[in-house]
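These notes concern the structure reproduced below.
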Amino acid sequence: MFDRRSLLKSGAALTALSATPTFAQGTHQGADKPLAELFDNFVAENLDASPLTVSSLGMDTGPRAWQKSLIDDASLAAIARNKALAASQMKRLSAISRAGLKGDDLVSYDVVMYGLKTQVDGARFDYGPGIAGQPYILSQLTGNYSQGPSFLDNQHTIETREDADAYLARLDGFGRAMDQEIDVQRHDAAQGVFAPDFALAKTLLQMKQLREPKAEASPLTESIVRRTKEKKIAGDWGKWAARLVEEKVYPALERQIALVEELQKKATHDAGVWRLPQGDAYYRASLKQWATTDKSPQEIHQIGLSIVKDHTAKIDALMKKNGLTKGTVGERLKAMYADPRYRYPNTDAAKEQLIADLNKKVQEIRAKLPSTFGVLPKADLLIKRVPKNIEAAQPGGYYNNASLDGKRPGIYWINLRDTAEVPKWTLPTLTYHEGIPGHHLQLSIQQEAGLPLIRKLAFFSAYIEGWALYSEQLAGEMGMYDGDPLGQIGQLHDAMFRGVRLVVDSGMHAMKWSREQAVKYYIDTLGDKEASAVTEIERYCVWPGQACTYMLGKLAFLKERDKAKKALGSHFDIRKFHDAMLTAGAVPLDLLDGITDRYIAGAKA
């Protein structure tokens with residue numbers, strides 16, 4: 001999973017845009033000048049609105065250094081401004097004649113227009129952060145309390161005294177933003193919009209864990225103490241940070257805790273967004289936002305059921321071939337999860353070894369890349385453990401992109417709260433998805449490609465997650481499961497898992513499935529540990545539609561590959577096909593076919 005959760009509010013195609021003037025200029029050689037200038041303006045406008053985005057992409061230096069001490073405005077007024085900005089950008093882009101554009105300019109126009117239209121359409125709902133797909137301001141996965149500490153520790157770099165001062169300023173702003181979230185959540189709650197009771201329970205657990213240590217022992221304090229010491233930056237940073245945590249952050253956090261406790265008393269157990277104002281329309285808008293699809297929930301549900309049936313049969317055949325014959329496929333998968341032979345011990349030392357072993361796996365597939373890809377990323381990849389203070393409600397793995405200049409590597413986060421949830425036969429596939437040839441390869445190439453900046457940083461989840469899921473299968477085609485039948489079962493299991501997601505996401509949000517019904521279907525089909533199933537299902541509850549992006553995106557990539565193979569026959573080159581897909585950057589699934597057509601035409605020429 002690509003982790004853009006804290007940045008989702010910035011929009012669809014325009015999520016996480018960042019640049020200095022150096023990057024904003026000179027990226028449109030041969031481009032239509034008015035279009036290029038308009039895109040540069042869009043980038044600057046979105047950049048101005050999101051200091052966190054600037055730091056996320058490593059661009060908080062030089063002319064943008066002033067934003068390093070700020071965090072994003074989370075107020076109702078800011079949400080209204082963002083909505084108005086998207087509408088203004090769509091109007092200005094519409095004023096440019098599409099008929100006069102061609103080539104890359106035409107693709108860029110269509111990509112940006114699609115994102116803006118989707119964003120504006122989702123803005124019609126008077127709750128959430130201003131777009132569809134994330135209805136709850138405070139949940140186990142949303143809110144500054146959840147994303148802030150990790151952001152400050154991993155995205156806010158400290159190299160100089162000024163960087164450390166900026167960290168302290170952001171701590172001050174952190175408390176202010178949490179109070180803004182309280183105002184927005186109260187506004188939404190007046191309309192009956194707040195997370196279900198089970199999600200609020202996890203929210204409280206995480207909030208209280210963050211509040212539990214004394215201010216001087218808070219991870220917010222320890223981060224700046226550790227890093228200023230490493231850089232030999234003199235100053236009583238621990239004292240200054242602890243004072244801000246004690247006087248600004250903790251009081252705001254306590255106010256959020258009180259609000260969530262108040263909401264929990266009134267919360268429903270219903271899992272789906274169908275219960276919200278205009279709930280059915282909101283879910284369809286969420287599918288459009290996340291999955292760039294107009295498919296109905298019912299159609300998506302049936303696709304999921306078909307995937308599950310197909311993959312169950314494939315896993316069954318592979319299991320029988322390897323002597324695993326007792327019980328249903330789900331029961332046999334459950335037995336594999338329970339088998340201690342396939343687990344790392346649940347100790348910190350074993351978890352360090354697990355990460356070391358994953359790094360070896362990354363090096364193995366990295367060596368195979370030239371046979372399948374012509375363009376390779378320059379940015380490095382780190383594998384890190386999800387911080388203990390938020391691991392209870394986080395998914396099994398997710399990815400943070402590298403900085404735009406490549407100086408800060410991409411990070412593949414793996415959740416090691418319990419190693420029984422990540423047995424050895426599931427780890428290769430997770431690593432190919434989050435790392436190489438999945439998120440790290442795709443997103444790094446996109447950022448390093450010769451695209452207009454607005455396209456380098458475009459975010460379309462169905463493309464991004466679809467590529468990562470396609471990469472799991474591709475790793476097998478590259479020979480990474482040769483001699484490893486259990487790993488192959490793991491790959492099929494994880495593919496079927498994404499089919500299950502189609503079933504349960506549409507089930508809960510459109511067909512009024514309960515949380516428990518979804519959890520049972522998930523466990524019965526996949527055999528996963530109950531804790532993992534609960535985390536996943538509860539995630540889908542607060543991010544309606546996001547779970548559908550993976551399989552819908554993968555099916556689109558496979559369809560395009562089959563189309564290119566059929567058109568080119570013996571002239572089909574998998575390396576050039578992948579390069580065409582990746583250097584074009586993320587696009588809505590509706591536009592992927594055009595990228596393939598351009599590759600086919602070029603190959604024939």
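The table for this structure:
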quantity	calculated
In the range 74-97, the residues that are under 13 Å from Gly130 (Cα atoms) and either modelled with pLDDT under 95 or of a type outside the set (A, V, I, L, M) (or both)	Ser75, Arg81, Asn82, Lys83
Pairs with Cβ under 7 Å, 6+ apart, first in the range 101-128 and surrounded by 19 or more Cβ atoms within 10 Å (Cβ to Cβ), second of a type in the set (S, T, N, Q) and assigned to a helix (DSSP H, G or I)	Leu116/Gln89; Thr118/Gln289; Gly122/Gln289
Pair list, Cβ under 6 Å, 6 or more apart: the range 494-513 residue over 18 Å from Val329 (Cα atoms), other residue outside any helix (DSSP H, G or I) and modelled with pLDDT of 95 or more	Gly507/Trp513; Met508/Ala271; Met508/Gly272; His509/Gly272; His509/Pro544
Answer residue from the range 527-546, given it is touching a Ser or Thr at 6+ places or on another chain (Cβ under 9 Å) and hydrophobic (A, V, I, L, M, F, W, C) and is surrounded by the most Cβ atoms within 10 Å (Cβ to Cβ) among those	Cys541
Subset tally (residues that are in a helix (DSSP H, G or I) and either charged (D, E, K, R) or without any contact (Cβ under 8 Å) to a residue 24 or more places away in the chain (or both)) for the range 469-484	3
Residues (in a helix (DSSP H, G or I) and either without any contact (Cβ under 8 Å) to a residue 24 or more places away in the chain or under 19 Å from Val542 (Cβ atoms) (or both)) located in the range 514-527	Arg515, Glu516, Gln517, Ala518, Val519, Lys520, Tyr521, Tyr522
Residue list for the range 566-602, restricted to those being part of a loop (DSSP other than H, G, I, E, B) and not β-branched (Val, Ile, Thr)	Phe572, Asp573, Ala584, Gly585, Ala586, Pro588
Check on Ala533, assigned to a helix (DSSP H, G or I), small (Gly, Ala, Ser) and touching a residue at least 60 places away in the same chain (Cβ under 8 Å)	no
Unique match (being within 16 Å of Ala78 (Cα to Cα), over 23 Å from the mean Cα position of the chain (by Cα) and not hydroxyl-bearing (Ser, Thr, Tyr)) among Gly143, Gly173, Gly128	Gly173
Yes/no for Ile224 being in a helix (DSSP H, G or I) and under 30 Å from Glu162 (Cβ atoms)	yes
Total residues in the range 72-89, condition surrounded by fewer than 18 Cβ atoms within 10 Å (Cβ to Cβ), under 12 Å from Glu45 (Cβ atoms) and of a type in the set (S, T, N, Q)	1
Which listed residue, of Glu477, Glu448, Glu516, Glu465, is charged (D, E, K, R), surrounded by fewer than 24 Cβ atoms within 10 Å (Cβ to Cβ) and within 30 Å of Gly103 (Cβ to Cβ)	Glu448
Of residues in the range 272-295 being in a helix (DSSP H, G or I) and polar (S, T, N, Q), the one nearest to the chain's Cα centre (by Cα)	Gln289
Residues located in the range 143-157, provided they are under 28 Å from Phe198 (Cβ atoms) and at pLDDT 95 or above	Gly143, Asn144, Tyr145
Counted residues, the range 98-138 - those being part of a loop (DSSP other than H, G, I, E, B), at pLDDT 95 or above and of a type in the set (Val, Ile, Thr)	1
When residues of the range 135-153 are limited to those that are small (Gly, Ala, Ser) and farther than 13 Å from Val386 by Cα, the one surrounded by the most Cβ atoms within 10 Å (Cβ to Cβ)	Ser139
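The values are calculated or read from the model by the stated rules, or taken from the named source; none is laboratory data. Given the structure is predicted, the values throughout are model-derived calculations rather than measurements. No Cβ is skipped: glycine too gets one built from the backbone with ideal geometry, and neighbour counts run over all protein chains shown.
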